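The values are calculated or read from the model by the stated rules, or taken from the named source; none is laboratory data. What you see is a predicted model; the values in this text were computed from it and never measured. Neighbour counts are summed over all protein chains in view; Cβ atoms, including those assigned to glycine, are modelled from backbone coordinates with ideal geometry. Note: areas computed on protein heavy atoms with side chains; ligands, DNA, RNA excluded. Shrake-Rupley method; radii C 1.70, N 1.55, O 1.52, S 1.80 Å.
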Amino acid sequence: QVGSTTVRSSKSWAPLILIVLGSLLVLVDTSRHVLLDHGGVIFDRRSLLMYTPTHDLSPVGRLCQLATIIGLVFLLVGLALFFDLYMMIRSCFQERQQLAQHAG
């Protein structure tokens, strides 16, 4: 019984953890923009630029791009888990299948 309680509680924390991590990752690029708008604060302004002089992504730009993409994926997965989206979609298809069987 102790093991099943641990598993159940860890499943309930997964959506929250994914949503928090996703939110933090999405904020990385926003923080870079705020720092740039205020002259870099503690960073050299040039080190925070999204693009290099040759119009390629800078290392910071690539990091922010990846952080945003991963953050959005974490947010979507976390919300899907929180709202139990898989079970909702599954039950809709099962209802449609049952209606089709009764009609046919």
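Structure notes:
- Charge dipole (debye, nearest 20) of the range 28-100; +1 at Cβ of Lys and Arg, -1 at Cβ of Asp and Glu: 80 debye
- Binning all Cα-Cα separations of the range 61-103 at 5 Å, short to long from zero, yields these whole-percent fractions: 6, 20, 13, 14, 11, 11, 9, 7, 5, 3, 2, 0.
- Between His102 and Phe43, the simple spin-label model (points 7 angstrom out along Cα→Cβ) gives 5.9 nm.
- Mean silhouette area of the range 17-90, derived from the convex hull of its C-alpha atoms and averaged over all directions, reads 6.1 nm².
- The orientation-averaged projection of the convex hull spanning the C-alpha atoms of the range 14-56 amounts to 3.9 square nanometres.
- Subtracting the Cα-Cα distance of Ile89 and Thr30 from 0.36 nm times their residue separation leaves 17.9 nm of extension gain.
- Simple spin-label estimate for Ser58 and Leu16 in nanometres, 7 Å along Cα-Cβ: 3.8 nm
- Accessible area, probe 1.4 Å, largest first, for residues Tyr86, Tyr51: Tyr86, Tyr51
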